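Student: A single structure is presented below for examination.
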Amino acid sequence: MANRSYLYSLSNRPASYADRPETICGLSEWPYAVPFSYRLLMSGDPQLCASLIADGLEDDEPHRRTRLYAISSRFEPGLARIKRFAEIVRAAVGGAAPATAATPAAEPAPSLLGRIRRLFSSADAAPARPATTAPTELLAALDETIAFLEAHRDDYLLLETIELDVMAESEEAALKASVEKELARCRQAGAALDALPADPAEAGRQLLAATRERGAAPLDALHGLRLDDSFDGGRNQRVDYILGLMWSEVLYFDLLDRAEFEVRQREAQAE
């Protein structure tokens, strides 16, 4: 099984493994990476919290459990940033749907002199450039992202990276430091979006430039994103930085809410 990052919406900031929320729902999971969309969502008010996936490592002694950390953030500021990012992407790639198209007026039939002039002028005319095609899959995925997140609102978000962290670390202090580094990346994603101009068109131009060429902070946090239909590595294209626009309630770890956790605890005590 691939090691993954996991994203949830929930009703609290867990202070401990047993501090279960009243409500919790899966949002997304991604193998071997933390996508940009996760970081942007978590950028509203990210703080360290307890992991709800595990209360220690598999080889821990029963009386000495490794404390594991995750990241908690408020839902609404993150969703607002996702919506603004989608607006800027649309401006950048020409995805704004036009208003009702007016039917062009019929041109009058040209005179003989007009036809002769057109014949000779067309030989010197520059060839027409093909129209740029908007990345329809990317734009549809952004619409689906916003609709999914709006349907799964809660007070907080939970980002679990323990499966990624244990690939490189095993000591409690080092594992905590890995989560703190990820927390800083979440803040950097939010700062990068906030640094873009208020005007969507200019923000779109700066966003495209930042994805293609690494610049100074905070916009360097956008470098490597693809704003085309290969945004998540499709079409056999290499992607340096995954956007991460796939969503589902069903994740590998189905985390328990408070009522379910208490039932599980009573069952364990009765055995």
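The values are calculated or read from the model by the stated rules, or taken from the named source; none is laboratory data. Quick caveat, the model's predicted, so the values are computed rather than measured. Every residue, glycine as well, gets a Cβ built from its backbone with ideal geometry; the counts of neighbours run over all protein chains shown. Ligands, DNA and RNA are stripped out before the accessible areas are found, and what is left, the full protein with its side chains, is counted by its heavy atoms. Shrake-Rupley method; radii C 1.70, N 1.55, O 1.52, S 1.80 Å.
Student: Any idea which residue in region 220-239 is farthest from Ala141 (Cα to Cα), counting only those that are out of contact with any Leu (no Cβ under 8 Å at 6 or more places or on another chain) and open to solvent by 40 Å² or more (accessible area, probe 1.4 Å)?
Tutor: The residue in question is Asp220.
Student: Report the residue count in region 203-219 for those that are open to solvent by less than 20 Å² (accessible area, probe 1.4 Å) and basic (Lys, Arg).
Tutor: Summing the residues that are open to solvent by less than 20 Å² (accessible area, probe 1.4 Å) and basic (Lys, Arg) in region 203-219 gives 0.
Student: Any residue at all in region 11-20 that is under 20 Å from Ser248 (Cα atoms) and either in contact (Cβ under 8 Å) with a residue 12 or more places away in the chain or under 17 Å from the mean Cα position of the chain (by Cα) (or both)?
Tutor: Taking every residue of region 11-20 in turn, at least one turns out to be under 20 Å from Ser248 (Cα atoms) and either in contact (Cβ under 8 Å) with a residue 12 or more places away in the chain or under 17 Å from the mean Cα position of the chain (by Cα) (or both).
Student: Now, a different point. If we keep just the residues of region 240-270 that are of a type in the set (S, T, N, Q) and open to solvent by less than 90 Å² (accessible area, probe 1.4 Å), which is nearest to Ile53 (Cα to Cα)?
Tutor: Restricting attention to region 240-270, the residues satisfying the condition of being of a type in the set (S, T, N, Q) are 248, 265, 269.
With the extra rule that they be open to solvent by less than 90 Å² (accessible area, probe 1.4 Å), the set shrinks to 248, 265.
On the way: Ser248: 18, Gln265: 15 Å.
Looking at residues that are of a type in the set (S, T, N, Q) and open to solvent by less than 90 Å² (accessible area, probe 1.4 Å), I get Gln265.
Student: Can you tell me which residue in region 17-50 is nearest to Ser73 (Cα to Cα), limited to those that are of a type in the set (Ser, Thr, Tyr) and open to solvent by 50 Å² or more (accessible area, probe 1.4 Å)?
Tutor: Thr23
Student: Anything in region 1-45 that is among the aliphatic types (A, V, I, L, M) and within 26 Å of Val263 (Cα to Cα)? List them, or say none.
Tutor: Within region 1-45, Leu7, Leu10, Ala15, Ala18, Ile24, Leu27 qualify.
Student: Go through region 1-19 and give me each residue that's of a type in the set (D, E, K, R) and outside any strand (DSSP E or B).
Tutor: Arg13, Asp19
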